[in-house]
Each structure stands twice: as structure tokens, then as C-alpha cells.
Amino acid sequence: MNECSHVAALPHPEPAPLSETCLECLAVGSHPVQLRLCLSCGHVGCCDSSPYKHATAHHAETGHPVMRTFEPGESWRWCFVDSILV
């Protein structure tokens, strides 16, 4: 995995998830394909394969740079700013 300047600025420990699913999807009656956890604040949003792409929308709204998968058995992280796995 690559490192970026944003990883060093993340809170430790990582924030607790604010929910168990994408609340924005629930609000509009959609179903998330996969979930992503914002490593700045704990927001849980749906992935870009979901109709509304709430994790990416959260980044666009907040500028929070790094998320990780919120799927069981997966452990990768993505930096939106640098467009790389970190």
C-alpha cells in the first residue's frame, strides 16, 4: 500500500462508526452495495457502485480525505485526495 500525507493526520484510534449502514440510503429508500467508513469522523456511506455514492459525497461535502472499507473481511483504505490505496 502507498502512503500519503493524509494518513498521518488521521485520528488514533480511528473514530467509531456513527451507524451500521448508510443512513442517507435508508432516508431515500435505497440499498447500499457496499459500505465505507470515514476515518476522520466515523460517517458510514455507500460505495461508488451504489446509486447515490454517499461516501464520495461525504468527502466532497467535508473534505475528509481517507476512508476504509466497512465490509467484513476487508481492510483496505482509500485517499480521495491522492486517489490511491493507502
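The values are calculated or read from the model by the stated rules, or taken from the named source; none is laboratory data. What you see is a predicted model; the values in this text were computed from it and never measured. When we count neighbours, we look across all protein chains shown, and the Cβ atoms used for this are built from the backbone with ideal geometry, even at glycine. Note: accessible area is taken over every heavy atom of the protein model, side chains too, but ligands, DNA and RNA are not part of it. Shrake-Rupley method; radii C 1.70, N 1.55, O 1.52, S 1.80 Å.
Output yes when any residue across the stretch 19-34 is within 25 Å of Ser5 (Cα to Cα) and modelled with pLDDT of 95 or more, and no when none is. Break it down into steps so the answer makes sense when it comes.
Initially, the stretch 19-34 is screened for residues within 25 Å of Ser5 (Cα to Cα), giving none.
No, there is no match, as no residue in the stretch 19-34 is within 25 Å of Ser5 (Cα to Cα) and modelled with pLDDT of 95 or more.
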key: Identity of the residue in the stretch 40-57, polar (S, T, N, Q) and over 10 Å from the mean Cα position of the chain (by Cα), that ends up surrounded by the most Cβ atoms within 10 Å (Cβ to Cβ)   = Ser50
remark   = A careful count of residues in the stretch 36-53 that are in a loop (DSSP other than H, G, I, E, B) and in contact (Cβ under 8 Å) with a residue 12 or more places away in the chain gives 10
inquiry  = Residue pairs, Cβ under 6 Å, 6 or more apart or interchain, first in the stretch 23-35 and open to solvent by 70 Å² or more (accessible area, probe 1.4 Å), second of a type outside the set (Lys, Arg). List them.
reply    = Val33/Cys47; Val33/Ser49; Val33/Ser50
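Regarding Ala16, is this residue surrounded by fewer than 20 Cβ atoms within 10 Å (Cβ to Cβ), closer than 23 Å to Cys4 by Cβ and hydrophobic (A, V, I, L, M, F, W, C)? Spell out how you get there, then give the answer.
Numbers: surrounded by fewer than 20 Cβ atoms within 10 Å (Cβ to Cβ): yes; closer than 23 Å to Cys4 by Cβ: no; hydrophobic (A, V, I, L, M, F, W, C): yes.
So Ala16 does not fit the description; no.
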message = Restricting to the stretch 58-79, count the residues that are farther than 16 Å from Leu18 by Cβ and open to solvent by 50 Å² or more (accessible area, probe 1.4 Å).
response = 8
